[in-house]
Structure formats: C-alpha cells, structure tokens
Amino acid sequence: MRLLPIEFAKPGDFLAKTIFDNDGRILLREGVALTDFYLTSIRRLQIFSIYISDEYNEAEIEDVIKPELRQHAIKAIKEAFYSFEKYSLYSTNTNIDEKKVSKEKRTYFDSIGNIAKEIIDEIISKKNVMINLVDIKSMDNYTYQHSVNVAVLSLVLGVQLQLNQNELYTLCIGALLHDIGKTLIPKQIILKPGPLTDEEYKTIKEHTTKGYDFLKGCLEISAPARIVAIADVYDALTSHRPYSKAMCPNDAVEYIFSHGDTQFDYEMVKVFSKAVVPYPPGTLVKLSTGDIGVVMAVFPNFALRPQVKIIKKGKNSNSNEVGTTVSLISQLDIVIKNIEFAV
C-alpha cells in the first residue's frame with residue numbers, strides 16, 4: 001500500500017483503502033481495480049490522493065483508529081458543527097427557546113464526549129503507536145475529517161508525553177472542537193479556491209476567538225494548545241485545501257522541524273519527530289545516490305532513516321545495485337531526497 005496523488009493513478013491499479021462519501025457510506029471498496037470511470041468519479045469528489053496496492057508493496061498500512069470509528073467520529077463532528085452553526089443563527093432571534101437550544105447543544109457535546117472516549121481507548125490499547133497514515137480526504141468534508149485527524153494526532157503525542165486519562169480526554173475534546181469557530185465564518189471565505197485577500201485572511205483568523213467565545217459558556221476547553229498546534233499544522237499541510245495543494249508528509253515534517261522554537265514548542269517537536277512516519281513501508285523514495293528504492297521498514301525514533309530496497313540504480317558512481325537493501329541508520333552519508341510516485 002502506498003499513497004499516490006490521483007494524477008499518477010492509472011486504470012488497472014488496485015485501490016488499497018476504501019473511499020467513503022460525505023455521509024460515511026462506502027463509495028469504492030478497497031481491492032477494486034480502478035477504471036477510467038472510477039478515476040473520473042474520484043476526481044469529481046475532489047479527492048486528490050488515494051492508496052493503491054502494487055508490485056512494490058501490498059502490505060496494509062494500519063490506520064491509528066479503525067475505519068468505522070473514524071467515519072463515526074466524522075459524522076458526529078459534522079452533526080455537532082451543523083448544530084452550532086444553527087445555534088449561531090438562532091442567537092439573533094428574540095423568540096428563541098433558550099432551554100431547547102441548550103438541551104440540543106448538550107446532546108451534541110455528549111456525543112463528542114463519547115467519541116473522544118472511544119478514540120482514546122483505541123489509541124492507548126496500542127503500544128508504541130506511530131503516525132504513519134495520511135487519511136483520504138474530500139474537499140467537501142475537509143473540516144470534519146481534519147478535526148478527527150487533529151484529535152488522533154494530538155492523542156498520539158499525548159500518549160508519548162505520558163498524559164493521564166483525564167488529560168487525554170481534555171486534549172481530545174479540545175482537538176475535536178478546535179475548528180468550531182469556522183462555522184461562524186462566511187462559507188465563501190472558507191471555501192474560496194484562490195488566495196485570500198488581507199481582509200479575508202483577517203476574517204478567517206477570527207474563527208479561533210469565535211469558537212472560544214461560543215464554547216466557554218458550555219464547558220471548559222483547556223487542551224494543551226502546544227500539542228494541538230503541531231497536529232493541526234501537520235494535517236493541514238498534508239491535505240489539499242481550496243487555496244493550496246497538499247505537501248508530501250516528509251516536507252510537512254521538515255516544515256515543523258524548521259519552525260521548532262519559533263512557531264512550535266521545541267520539546268513538542270522532538271516528541272512529534274519520534275511519533276510520525278513520513279516514509280511508511282511501500283513508499284517510493286529517491287536517495288542522494290540517485291537510486292530509487294522502496295521503503296521496507298521503519299525504525300522507532302528514527303523515522304527519517306528507514307530501510308530501503310533499491311529498485312532502480314542511479315547514475316552516480318556510488319549507486320547501489322538493484323535488489324540491494326540499504327539501512328539509512330547505518331549509512332549516514334545517504335539521505336532521502338524526495339518521494340517518487342512513478343519509476
């Protein structure tokens with residue numbers, strides 16, 4: 001299994017991860033052979049990357065949480081956000097039934113709380129869990145998928161930091177709802193396909209304040225913002241958004257590294273570097289020798305220096321023969337230059 005931008009996918013490739021619609025229903029099941037019709041349909045859904053199985057690696061990359069739990073969480077977030085958006089419209093109505101609205105808000109908060117507990121239970125049941133999956137996202141459902149991903153990423157970091165159960169719960173709730181303020185920002189700005197104007201950018205930055213003002217009357221959200229900040233940026237950078245294309249996971253990791261101690265807490269960045277896997281098994285990479293290889297294994301705490309099997313020899317004098325396995329932990333003079341999507 002490897003992640004592939006949709007423009008590199010071709011008829012005959014096998015889908016390695018099920019694609020769901022905006023309501024969590026299966027659109028295309030893993031294992032199906034892709035056709036021109038399927039590829040066109042995927043593009044129409046504004047899904048820009050998919051997972052495929054091919055001759056380089058057919059092994060499954062396990063998601064941090066089960067697909068059904070992920071879809072359940074996305075649905076719960078979507079319903080909660082719609083409820084909050086509706087409440088913001090009600091707030092200008094003098095005839096509003098405050099008791100009814102308060103009860104409805106509590107129902108959705110309880111739903112989010114239950115989802116948080118399920119995600120926490122699943123993550124802490126796994127030992128040495130590492131972040132090695134970029135989820136398939138559609139543009140329409142981006143905000144809800146992003147909220148779930150940020151929660152999962154934050155919890156993995158929280159576990160690494162040895163937070164207790166109550167701290168993890170607070171962290172998860174805060175991460176799931178960190179973008180709630182976007183429901184109060186005009187849709188034409190949120191979904192604008194091109195660059196934002198200075199005024200639009202100023203407006204969109206207000207979503208954090210609006211979200212806090214909305215939530216503070218309902219429950220106390222005090223999740224460690226330094227953790228959520230890294231998770232938020234990593235998932236955003238590796239996602240296609242209306243105004244920017246997705247970065248490769250390795251480039252997103254490099255970005256976070258380069259902003260350690262400025263934009264991010266450096267101690268958190270060090271924990272993040274041990275938990276994230278930018279080159280999961282099956283990834284095609286180009287080495288500094290000019291060789292192209294497939295990642296075979298990833299070593300804990302050394303995610304940027306995996307074991308690579310050479311599948312295409314480079315032209316340099318120090319190139320390795322096809323079939324050679326190179327461990328970047330021991331061969332420190334070799335580095336990964338970039339991810340390749342075709343050989």
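Results, tabulated for the structure shown:
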item	result
Size-normalised alpha-carbon gyration radius of the stretch 253-312, reference 2.2 N^0.38 Å	1.28
Efficiency of FRET between Arg29 and Gln165 - r from beta-carbon atoms, R0 35 angstrom, step 0.05	0.45
Cross-link pairs beyond the 19 Å C-alpha cut-off, checked among Lys10/Lys66; Lys17/Lys66; Lys17/Lys126; Lys78/Lys182; Lys10/Lys286	Lys10/Lys66; Lys17/Lys126; Lys10/Lys286
Pairwise Cα inverse-distance average, inverted: Kirkwood Rh of the stretch 283-343 (Å)	11.2
By accessible area with a 1.4 Å probe, ligands and nucleic acids excluded, highest first: order of His146, His72	His72, His146
Förster-model FRET efficiency, 51 Å R0, Ser319 and Arg226, C-beta, rounded to 0.05	0.75
Per-residue SASA entry for Arg70, accessible area with 1.4 Å probe, Å² rounded to 10	10
Taking N as its residue count, the alpha carbon Rg of the stretch 232-278 over 2.2 N^0.38 Å	1.13
Sulfur and carbon atoms: percent of accessible area, the stretch 272-343 [1.4 Å]	51
Å² per residue, accessible surface of the stretch 233-273 at 1.4 Å	47
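The values are calculated or read from the model by the stated rules, or taken from the named source; none is laboratory data. Keep in mind it's a predicted model, so treat the numbers as computed, not measured. Every residue, glycine among them, receives a Cβ derived from its backbone with ideal geometry; neighbour counts consider all protein chains shown. To get the accessible areas, we keep the full protein, side chains included, count just its heavy atoms, and leave off ligands, DNA and RNA. Shrake-Rupley method; radii C 1.70, N 1.55, O 1.52, S 1.80 Å.
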